[in-house]
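Remarks on the structure that follows.
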Amino acid sequence: MRHSPTRASRRHRAQERLLIIGTGSAALTAAFLPRARRAAPGANIHVFDKDKLPGGALDGAFVAGEGYAMRGGREMDNHWR
């Protein structure tokens, strides 16, 4: 048996805001899922990040002469040896 939301609960849900800090893959998924599941209106979902380019460690940029470069090479650092 599926629960049917009342008008009051739908009205309350429409007033809630979801604030997400960061734009990594987990944060972007957290922003997407409530909207995809109709649990929150898209206008109420806000994503903030300190960087200009979204994507966290998975951001990418075009570098002339080299192609696309991506941060996120932390798994290749010396501390994993």
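Nothing in this text is a laboratory measurement; each read-out follows from the coordinates by a stated rule. The structure presented is a predicted model; accordingly, all values stated were derived computationally and were not measured.
Points to keep in mind about this one:
- Amide H to amide H, with H built 1.01 Å from N, residue 18 comes under 5 Å of 45, 46, counting only residues 5 or more places away or on other chains.
- Residues whose amide H falls under 5 Å from that of residue 40, counting only those 5 or more places apart or on a different chain, are 35, with hydrogens built in the peptide plane.
- Long-range amide H partners of residue 49 with built H, under 5 Å: 22
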